[in-house]
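Working notes for the structure below.
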Amino acid sequence: MQRTWKWGALALGVLVLGIAAWPLAIYLRSEAAIRRHYPLATPQIHEQVAKDSAARGAHLVRILGCTDCHGANLKGGQFDGARFYAPSLRRDPATLTDRDFARAVRFGLKGDGTSLWGMPSESYLYMRDADVDAIIAYVRTLPPDYAAPPAQSFDLSVRRAILNGRFVPAGEAVQSTLSPIDLGPRYDGGRYLARTACSQCHGLDLAGSPDGSAPDLSRVEFYSPSDFFQLLHRGKLRDGRIAKDKSHQAGWRFSHFVDYEAFALYNYLYVRSYAVKVTRTPN
Ligand code: HEC
Ligand code: HEC
């Protein structure tokens with residue numbers, strides 16, 4: 001009888017240990033992914049930025065969604081149901097240098113060679129030098145923040161997403177080769193805006209988000225130019241509903257598009273909706 005008890009207790013002990021070790025294993029394996037170092041690129045910084053480029057920078061941080069995550073005044077903020085924290089972009093220029101800033105935006109890497117997590121650098125990879133310079137010029141007109149940003153913390157569910165590949169580090173996401181279809185110079189301005197402002201949710205090729213929440217942008221086929229303006233400025237979908245996503249809502253991100261940008265976007269997306277039909281192979 002006593003023997004059975006002993007074995008039972010031992011088996012239970014092993015089981016409890018096993019259960020306790022499981023989160024530890026997830027923690028240690030994801031920690032290796034989080035601490036991984038990547039080779040650093042050295043972005044070009046153009047010191048002589050014109051004064052009016054700061055005004056363009058102020059416009060860009062809104063339409064490109066930097067303020068969605070980093071906060072209306074870029075002092076940092078939580079997003080995605082407070083699961084993630086985007087740090088202040090007004091950090092001391094001596095610690096977050098122009099070069100670090102530009103590298104983070106386009107290549108998703110920190111100055112120490114580790115990756116950023118949750119920063120959609122893959123959407124900004126092809127941003128023009130002049131636009132990155134303009135954003136930096138704007139940020140530098142704001143009073144700097146000398147407080148150190150809170151350390152990024154990852155809970156167990158985020159760590160599991162890292163291990164099973166559902167949460168990809170920004171420094172690796174930028175290696176994706178997906179791109180919106182190229183329709184030539186006539187539509188290049190709209191394609192640029194779609195790539196930098198819309199791909200974060202609608203996918204790098206604009207064919208929709210992997211989870212299906214943001215549709216393929218060939219839906220623009222059913223939008224007249226005025227429907228499209230209603231969507232950008234008021235968040236009104238063609239079926240009369242108000243888009244669920246905050247970025248689409250009135251007074252927020254896309255209501256800041258100026259008319260020529262909205263037209264360029266529309267023209268590109270409208271023509272694209274036909275072009276993708278032709279290039280898609282029937283199955
Ligand atoms: C979907 C949310 C999101 C959007 C949109 C976004 N960021 Fe970020 N960004 C983050 C997060 C999260 C981090 C921190 C990642 C980390 O520390 O691992 C970050 C980090 C950064 C960093 C590095 C800061 C540092 O202290 O190392 C810079 C610079 C930056 N973002 C600039 C921008 C700019 C400029 C834009 C717009 C063009 C932008 N971000 C848009 C979420 C976002
Ligand atoms: C932050 C995420 C996000 C960004 C960025 C974003 N969208 Fe959306 N968009 C959505 C979601 C989510 C929906 C689905 C809305 C719904 O059904 O409530 C949507 C819906 C749409 C629709 C409606 C399609 C239909 O079925 O009628 C169009 C058109 C659209 N977006 C265009 C754009 C354009 C153009 C941009 C870039 C300027 C953009 N979106 C950027 C999240 C986003």
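The values are calculated or read from the model by the stated rules, or taken from the named source; none is laboratory data. These figures come from a predicted structure and were not determined experimentally. The accessibility values were calculated without ligands, DNA or RNA, using every heavy atom of the protein model including side chains. Shrake-Rupley method; radii C 1.70, N 1.55, O 1.52, S 1.80 Å.
Past the 24 angstrom mark, what percentage of all C-alpha to C-alpha distances in region 147-283 do you count?
Percent of Cα pairs beyond 24 Å in region 147-283: 39.
Taking amide H atoms as placed 1.01 Å from N in the peptide plane, list the residues 5 or more away in sequence, or in a different chain, whose amide H sits under 5 Å from that of PHE84.
PHE79
Hey, what do the phi angles of region 236-241 turn into as Karplus ³J(HN,Hα) couplings, whole Hz, using 6.51/-1.76/1.60 and θ = phi - 60°, x for Gly and Pro?
Once rounded to whole Hz, the list reads 8, 6, 5, 7, x, 6.
What percentage of the solvent-accessible surface of the chain, computed with a 1.4 Å probe over protein heavy atoms, is contributed by carbon and sulfur atoms? All intermediate terms of the calculation are to be shown ahead of the outcome.
Working: 9610 of 16270 Å².
C and S atoms contribute 59 percent here.
Each residue of region 13-27 in turn: what ³J(HN,Hα) in whole Hz from Karplus with 6.51, -1.76, 1.60 and θ = phi - 60°, glycine and Pro shown as x?
Once rounded to whole Hz, the list reads x, 4, 4, 4, 4, x, 5, 5, 6, 4, x, 5, 4, 4, 4.
Pulled fully out, how much extra length does the chain show between ASN73 and GLN175, if you take 0.36 nm times their separation in residues and subtract their Cα-Cα distance?
The ASN73-GLN175 span can extend by a further 33.7 nm.
Using only the Cα atoms of the chain, what semi-axes does the equivalent ellipsoid have when each is the square root of 5 times a gyration tensor eigenvalue? Give whole Å, largest first.
40, 26, 18
For region 22-117, list log₁₀ I(q)/I(0) at each q in 0.13 Å⁻¹, using the Debye formula over Cα point scatterers of equal strength and ignoring solvent, two decimals each.
-0.58
In whole Å, how far is the Cα centre of region 236-272 from that of region 189-232?
Here the answer is 8 Å between Cα centres.
Could you calculate, for region 90-197, the ratio of the Cα radius of gyration to the Kirkwood radius, expressed as Rg to Rh? Don't jump to the answer; show the numbers that get you there.
Values: Rg = 16.0 Å, Rh = 15.7 Å.
Reported Rg/Rh (Cα atoms, Kirkwood Rh): 1.02.
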